[in-house]
1. Go through 250-257, 83-90, 349-356 and give me the packing order, highest mean Cβ count within 10 Å leading.
2. If you stretched the chain out fully between Val421 and Ala460, how much longer would it get, using 0.36 nm times the residue separation minus the C-alpha to C-alpha distance?
3. Let me spell out the model: positive unit charges on the Cβ of Lys and Arg, negative unit charges on the Cβ of Asp and Glu, origin at the Cα centre of the stretch 581-711. What dipole size does that give, in debye rounded to 20?
4. Using Cβ contacts closer than 10 Å as the measure, can you line up Arg276, Arg139 from fewest to most?
5. Rounded to the nearest 500, what is the 222 nm mean residue ellipticity of the chain from helices alone, with -39500 (n - 2.57) per DSSP H run of 4+ residues and division by all residues?
6. Only residues of the stretch 109-142 count here: report those whose backbone N is under 18 Å from the spot 7 Å along Cα→Cβ of Arg355, or say none.
7. When ranked by the protection proxy of mean other Cβ atoms within 10 Å per residue, highest first, what sequence do the peptides 685-692, 373-380 form?
8. Any idea what the relative contact order of the stretch 573-715 is, in percent, if you count C-alpha pairs under 8 Å spaced at least 6 apart?
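What follows is calculated from the coordinates using simple rules that are stated; it is not laboratory data. Because the structure is predicted, anything quoted here is derived from the model rather than measured. Virtual Cβ from ideal backbone geometry, glycine too; neighbours counted across all protein chains shown.
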Amino acid sequence: MTDHDIPSEFTHPPTPPDEDAATPCEQAGPAPDQQGPALRGPTGAPIPGDASVRAQQGPRLTTPQGAGVADTDHALKAGPRGPTLLQDFHLREKITHFDHERIPERAVHARGTAAHGVFVANGAAASLTRAKFLAADARTPVFVRFSTVLGSRGSADTVRDTRGFAVKFYTGEGVYDLVGNNIPVFFIQEAIKFPDVIHAGKPEPDREIPQAQSAHDTFWDFVTLHTEATAHTFWNMSDRGLPRSYRMMEGFGVHTYRLVAEDGTTSLVKFHWKPRLGVHSMLWEETQMTAGFDPDFHRRDLADAIEAGFAPEWDFGVQVFPDTPEHLFEGIDLLDPTKIVPEELAPVQTIGTLRLTANPENFFAETEQVAFCPTHLVPGIEVTDDPLLQGRLFSYLDTQISRLGGPNFTQLPINTPHADVNDLFRDGMHQSAVHPGVAAYKPNSLGGGCPYAASFAGEAYVESPTPIPPPTAKLRTSANSVGSVSFADHYSQPRMFYRSLTTGEQQHLADAFSFELGKCQSEAIQRRGLQMLVNVDDGLADYVAGQLGLDKPAPNSDNVDLAPSPALSQRHGSFPVDGRTVALLIDDTTSGDAVREVSTALEEARVRPMVVAAHGGTIDGVPVARSFATMRSVEFDGVLLLAGPADPRVDLLVEEMWRHGKAIGAVGTGASVLERAGIDADAPGVTVADATTVTGTLLTDLSEHRAWARIEADA
Ligand code: HDE
């Protein structure tokens, strides 16, 4: 074949432009609909300058070595229809890199989402700890990752599960990680049981089902045999297992930690994160619908709220206890991670506030590659002998070496401390630093003796001397090794938790047990589940036994009545409505001005209006956010009916919002939807009036989370 036989579109390289012409990129330039979004840095602030400063968005496509690439859509072939040539290094490099794009997902907490923010201390902890980021007015950049525990990376957000709440503080004294959960107790008292509880909870190994669920035999087999899991199981089956939003979730350090003050005095603490938006959960049916309609619901909710300027906030607090050798407070063993200390006995003192202000620029680089570890500590914060915490101290680094491909993951930008690093660690997979000099050892003279040891009195991390209990023997049983009966008590706190909830909350918990045990195939496991329940509360066991069609067993443990802790219920108070969404239902006759007026009032109250109509596009100049084909009630916290289009999907929307206790308002013809659905216009959380009155009432209803009085007898 000669050159003139080859059609011009297959010639390689393409015919160069004449010398005076601009480069190909400048010739074409981005089309008007291909302009990139504004650039933002990790704090959310716009990055000045043109788009070429952003990695990978310079004007010219290149190979990884920087050579220009003219055609990335066609491989080099022997003739137009011939075989592909091995010589095409761009083809091979492009696909080879793609072949290696995935890293192993986290063994637990694989599904997560994260945000950047800032932590501001109020100084209340300054007398307790020498940690400088807790001194008055200290501001510390943070990166926070929320997660589910059991599901794979691609699993749904709204499943019933514990949630991870991991905070990385980039302090001037090094990174401090508080790797916590949204539930203050854990399934096990000893780290050595962790593989057991996770193997039991993960999908069953023969068919790898169910995904991201605890409603299966292996989970219930384990927790009913291993009764120290009762407390955590109760929390999981309660509304805490179904958060409405990461923004409305409490966080807990779970373990007891030790704070060390400037003068060396120590105290024991439990850490708490309290969301300013209140603790709020989804209803079970909502979570099921959402998992199908929008499996990324929590991820989207957090990112949307931050992008819209509704930075979520949490108060950081501590419960403080005297550091005694017994580690006991009011009979509660502080080294037992299956126990809480009720806030009524030890109030949570606020020591600072966390504010999440910016979404990650790149999910993989930041959210996926971030590495949290309970050993990332700063001077003034120490671990205790909690046997669960002790095991965590080696597991995180170990798993990260395999997940992130070697020991140098601390050099990844998201993991890099905001403090000088002079560790003398060298080489290894993915080493990206170019360390100068020869003296990677101590002592040395060739490096001028540097780095010097940090001073004990000043900036060094030095464990404070604490008494070690006399080692009478190497013991394996928890109760003996820690020497406290509290470890052997598995039921009094779950009972206290259950009795602290409202009747409505208790009913949710009873229904959750009925569902989860009902999904178990083994009757023996169901019976053991009832045994666990009757040891906590007779009425609860009675209800679930009825649902399972089994007899209620007799308790094999005494019911101990601790004082209820009202703080454990989620049903109190009213809260800011920041970032809540309200559907504005309109039709083709609705006036754009009326919609704009209501939207402005909602936006001023920091609520996000979303216009819903039969079709997309615009109506009287108002952009439609959701058509009837793309909306479902679970996306909204409230609905304002500005029109009453006759469509079964509108009726379904309102029926579901009614059933889920959501705020409903109707103006003018909008009231016809309520009439069609048989909804009482005077019911709690329902308002029919003029636009201004309805908007005001809707905001009040939103601040109470739901119209509980409509859906629960005792609310
Ligand atoms: Fe974890 N846990 N864990 N855990 N954990 C991990 O570390 C482990 C425990 C928690 O967003 C892993 O980097 C052991 C309690 C969170 O990246 C792994 C034990 C609490 C996250 C690991 C526990 C947690 C993890 C998997 C029993 C609440 C996600 C990936 C001794 C206080 C962090 C990784 C993120 C992640 C081990 C128990 C919280 C395997 C051995 C208790 C929030 O190392």
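1. Details: 250-257: 23.5, 83-90: 12.4, 349-356: 19.8.
In descending order of packing, they fall as 250-257, 349-356, 83-90.
2. Values: separation 39, 0.36 × 39 = 14.04 nm, distance 1.29 nm.
Here the segment from Val421 to Ala460 would lengthen by 12.7 nm.
3. Details: 11 positive and 19 negative charges, 85 e Å.
In total the dipole reaches around 400 debye.
4. Details: Arg276 17, Arg139 10.
Going from least to most buried by this count: Arg139, Arg276.
5. Values: 18 runs with 180 residues, N = 715.
After summing the helix terms and dividing by the residues of the chain, the value is -7500 deg cm²/dmol.
6. Under 18 Å, as judged by backbone N against the label point of Arg355, lie 115-124, 134-142 of the stretch 109-142.
7. On the way: 685-692: 17.6, 373-380: 21.1.
Descending mean neighbour count gives 373-380, 685-692.
8. On the way: 272 pairs, mean separation 34.4, N = 143.
The value is 24 percent.
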